[in-house]
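Take a look at the structure set out below.
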Amino acid sequence: MQNTAEFYCAYCGEENTTFIDLSAGGQQYYVEDCQVCCRPNILYIRIDEDTLDIEIDTEYEG
Ligand SMILES: [Zn+2]
């Protein structure tokens, strides 16, 4: 199962859409490049197992 969620780039503040694999667990962590400025954001993803609400925190890499 896959879902999309939005996050805001830690560098330029633009909204990005990411695909999240819900079967990979309620807490996930990966790096995704911003679709606008191409710089790497670290995404910390939390998924509520009951409601499937997705929360994303972003951080600069490095
Ligand atoms: Zn950006």
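The values are calculated or read from the model by the stated rules, or taken from the named source; none is laboratory data. Every value quoted in this text rests on a predicted model; they were computed, and no experiment measured them. Cβ placement follows ideal geometry from the backbone for every residue including glycine, while neighbour counts extend to all protein chains displayed.
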task: Look through region 1-16, keep the residues that are more than 9 Å from the ligand (Cβ to nearest atom) and surrounded by 10 or more Cβ atoms within 10 Å (Cβ to Cβ), and return whichever of them is nearest to Glu49 (Cα to Cα).
output: Asn3
message: If I ask for residues that are surrounded by 13 or more Cβ atoms within 10 Å (Cβ to Cβ) and touching a Leu at 6+ places or on another chain (Cβ under 9 Å), which ones from region 31-47 would you list?
response: Glu32, Ile47
message: I'd like to verify a number: residues in region 18-48 that are in a strand (DSSP E or B) and within 15 Å of the ligand (Cβ to nearest atom), how many?
response: 8
query: Can Thr51 be described as more than 9 Å from the ligand (Cβ to nearest atom), part of a loop (DSSP other than H, G, I, E, B) and polar (S, T, N, Q)?
result: yes
message: So, in region 48-62, exactly how many residues are among the hydroxyl-bearing types (Ser, Thr, Tyr) and surrounded by 11 or more Cβ atoms within 10 Å (Cβ to Cβ)?
response: 2
query: Residues in region 13-20: is at least one at pLDDT below 95 and over 11 Å from the mean Cα position of the chain (by Cα)?
result: no
